[in-house]
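The values are calculated or read from the model by the stated rules, or taken from the named source; none is laboratory data. This one's a predicted model, so the numbers in the text were calculated from it and none came from an experiment. Each accessible area value is taken on the protein alone, full model and side chains, heavy atoms only, with ligands, DNA and RNA left out. Shrake-Rupley method; radii C 1.70, N 1.55, O 1.52, S 1.80 Å.
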Amino acid sequence: MENEEHWRDVQKSEYLAAWDFSRTTEELTITEVRTEEAKIMQTAEQIKNKKKPIKVIAYFKEEKLSCGTLVKPMILNNTNLKFLQEKTGLHHQRLWKNVKVEISVQDNPSKIGGKKKLVITKAELQKFDLKDITSLTDYDEAKKLASNFANIMSPAEIETVKAHLESIKK
């Protein structure tokens, strides 16, 4: 049949999905994570209550996947959120920028949303913005954040952080 379209070409998703991947894993770098209204189908209850779906969404630096498909933002489910927090040691999603992640396509036992799902299987801090630490005024939070980044800071950055911690210590 000529000009036959696949339903996925018509029902395009604004977000990464398992069918976007031609291989089972891809490495991407998070540039930003935001909590925002998601452009997804709403449940009958959400429509009735005029409640928009709010999701945590990761945006990436790379423009294309290895298969040439454009990289789209990814809705992070609770499993992926907990994994990122555990692997980075950072509780605030605004600090997850410059985290290199490996995203894998895995079987979805629940079949909710499809037979396959996207799972973050590796997460590694690549670099950080010194302002993320020096803008904090809570000593304990700044100290914890500094310890998370200590292994990737230059000696000059370490000295700047030490001076900042001393200035806000109570």
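With Cα atoms as the point set, the range 50-89 shows a radius of gyration and Dmax of 13.1, 39 Å. Gain on full extension, evaluated as 0.36 nm per residue between S147 and K170 minus their Cα-Cα distance, stands at 6.4 nm.
When the inverse distances between all different Cα atoms of the chain are averaged and flipped, the Kirkwood radius reads 18.3 angstrom.
Counting only residues at least eight positions apart within a chain, or on another chain, the aspartates and glutamates with an alpha carbon under 17 Å from that of K51 are E36, E37. Rounded to the nearest 10 degrees, the angle from helix 155-168 to the longest Cα principal axis of the chain is 70 degrees. When all alpha carbon pairs of the range 83-160 are counted in 5 Å bins from zero, the resulting P(r) reads 3, 14, 22, 19, 13, 10, 6, 7, 5, 2, 0 %. Once the Cα-Cα distance is subtracted from the 0.36 nm per residue extended length, the R94 to N49 segment shows a gain of 13.3 nm. A straight Cα-to-Cα reach below 19 Å connects K116 with the lysines K12, K72, residues fewer than 8 places away in its own chain not being considered.
Surface listing: I40, I103 arranged by accessible area from highest to lowest gives I40, I103, probe 1.4 Å.
Send over a whole-number figure in Å² for the accessible area per residue of the range 82-170, probe 1.4 Å.
That works out to 61 Å² for each residue.
Only Cα sites of the range 55-127 enter the Debye sum here, all with the same form factor; the resulting log10 I(q)/I(0) across q = 0.19, 0.20, 0.25 1/Å is -0.85, -0.94, -1.33, listed in q order. For the chain, the carbon plus sulfur part of the accessible surface works out to 49%, probe radius 1.4 Å.
Length available on full extension from S22 to N77: 0.36 nm per residue minus the Cα-Cα distance, which gives 17.6 nm.
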